[in-house]
Amino acid sequence: MAETPSDLKTEIFMVFGKDPEMNTIILEYLISLGIVLVSNKDDKNNFVSISQKLISLKHIRQAIVILSPDELCYEKGKKPAESFFITRQQTVFDLGLLIGKLGRENVICLHYDQKSFKLPCEYFNAFFIPFYPKNNNWQKPLLAKLKEFNLSLKI
């Protein structure tokens, strides 16, 4: 079935983190807004590279990247007690690729909001929204940014 113009106004590319709770909460909210999420899985649910996927999806103009606490690490010369969480390197690469392809103003990053979580880069200048699963404070800034994208939202 061919996509209609209204379908194209609600599609956003999505990069998921490894935290299932974080992914589910954000996914359910976006679906409730009527957003169609496109990810780097193919029709058989296999992962393909984001660059391959974006070539076939030339109409995609915005993306959301979930930066979840995927790995625990500590800096060389420091002690394990000084460890912190980071998102996986593939997600950081995907974030950079999407910023390069779509522009900083068209990429939203929802990041885990804890002192123990270290953001991958300060210089990306993408739109970062702190996410904490125990409250919905992240929804208002996310909705405001989605409205800037002129998407057909169910509000």
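Screening G100 against (1) under 14 Å from V15 (Cα atoms); (2) in a helix (DSSP H, G or I) leaves a single unmet condition, (1). Hey, does the range 113-122 have a residue that's under 20 Å from F13 (Cβ atoms) and at pLDDT below 90? Taking every residue of the range 113-122 in turn, at least one turns out to be under 20 Å from F13 (Cβ atoms) and at pLDDT below 90. For the range 33-50, a tally of residues being modelled with pLDDT under 75 and either part of a strand (DSSP E or B) or under 19 Å from R104 (Cα atoms) (or both) returns 2.
When we screen I108, I60, I64 for residues that are buried (at least 16 other Cβ atoms within 10 Å of the Cβ) and assigned to a loop (DSSP other than H, G, I, E, B), the only hit is I60.
Within the range 106-123, no residue satisfies the criterion of being under 14 Å from A63 (Cα atoms) and free of Cβ contacts under 8 Å to residues at least 40 places away in the same chain.
Put simply, of M22, M14 the only residue that is part of a helix (DSSP H, G or I), modelled with pLDDT of 80 or more, of a type in the set (A, V, I, L, M) and touching a strand residue (DSSP E or B) at 6+ places or on another chain (Cβ under 7 Å) is M22. Looking only at the range 71-101, filter to residues that are charged (D, E, K, R) and touching a strand residue (DSSP E or B) at 6+ places or on another chain (Cβ under 7 Å); which one of those is nearest to L143 (Cα to Cα)? So, considering only residues that are charged (D, E, K, R) and touching a strand residue (DSSP E or B) at 6+ places or on another chain (Cβ under 7 Å), the one nearest to L143 (Cα to Cα) is D94.
The values are calculated or read from the model by the stated rules, or taken from the named source; none is laboratory data. This structure is a prediction, so every number in the text was calculated from the model and none was measured. Backbone-built Cβ (ideal geometry, glycine too); neighbour counts: all protein chains shown.
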